[in-house]
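> Can you keep this structure in mind? I'll have questions shortly.
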């Protein structure tokens, strides 16, 4: 999960950033509205954590502009503005949650977990294949309708390569070159066996066999 943190208080920024990194998140920090704005439009984030009273563009205006430009990233305001009118303004600008300073890190964790639940934000090791079908590339299983089917590491690596190259047909030679090391290059029948097993687990509609050419993953 990748988070954009906008907080101009250097010490608080460092405290929150360190805490989030220790929780396993990827964090980009910004200290002004313009700096955050540049990141919003140049990178993809799963969550925005915005202070409001920051230099150049305040958090309310920053988020309002982002929403008008069809950026729908879930957003939590972290701010000392705690009047009802401030909270109303925050939600009107498009936020999904509003946390008053001083911030308790445990409360922040709870709020983030709630956003992850509401927006179905998956851990980095989980890849959604379709509704109710997921690949867990860390724990090496495919989950179908809450049933976990364990797969070999090479099957996971082949599947991930096909997913990442879904826009084209991938040959056996290409899979051998990119999934195996040069010294450990497999024979074609080994690759076919792995893919046959994946197709058996998933059903044939996800991985199409283009006879004599290779394989294509269908999103």
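> Against the definition (in contact (Cβ under 8 Å) with a residue 40 or more places away in the chain, more than 30 Å from residue 65 (Cα to Cα), touching a strand residue (DSSP E or B) at 6+ places or on another chain (Cβ under 6 Å) and part of a strand (DSSP E or B)), how does residue 127 come out, yes or no?
no
> Which residue, of 98, 34, is out of contact with any helix residue (DSSP H, G or I) (no Cβ under 8 Å at 6 or more places or on another chain), at pLDDT 90 or above and in the same structural domain as residue 10 (by TED's automatic domain parsing)?
From the options 98, 34, the qualifying one is 34.
> Residue 77 - would you say it is touching a helix residue (DSSP H, G or I) at 6+ places or on another chain (Cβ under 6 Å), in the same structural domain as residue 27 (by TED's automatic domain parsing) and crowded, with 17+ Cβ neighbours inside 10 Å?
Working: touching a helix residue (DSSP H, G or I) at 6+ places or on another chain (Cβ under 6 Å): yes; in the same structural domain as residue 27 (by TED's automatic domain parsing): yes; crowded, with 17+ Cβ neighbours inside 10 Å: yes.
Considered against the rule, which asks whether it is touching a helix residue (DSSP H, G or I) at 6+ places or on another chain (Cβ under 6 Å), in the same structural domain as residue 27 (by TED's automatic domain parsing) and crowded, with 17+ Cβ neighbours inside 10 Å, residue 77 comes out as yes.
> Given the criteria in a strand (DSSP E or B), in contact (Cβ under 8 Å) with a residue 24 or more places away in the chain, surrounded by fewer than 18 Cβ atoms within 10 Å (Cβ to Cβ) and in contact with a strand residue (DSSP E or B) (Cβ under 8 Å, 6 or more places away or on another chain), does residue 28 qualify?
Yes; evaluated as a whole, the condition is true for this residue.
> Looking at segment 44-59, which of the residues that are in contact with a helix residue (DSSP H, G or I) (Cβ under 6 Å, 6 or more places away or on another chain) and more than 17 Å from residue 3 (Cα to Cα) is surrounded by the most Cβ atoms within 10 Å (Cβ to Cβ)?
Selected residue: 54.
The values are calculated or read from the model by the stated rules, or taken from the named source; none is laboratory data. Given the structure is predicted, the values throughout are model-derived calculations rather than measurements. Cβ coordinates were reconstructed from backbone atoms using ideal geometry, including for glycine residues, and neighbour counts include every protein chain displayed.
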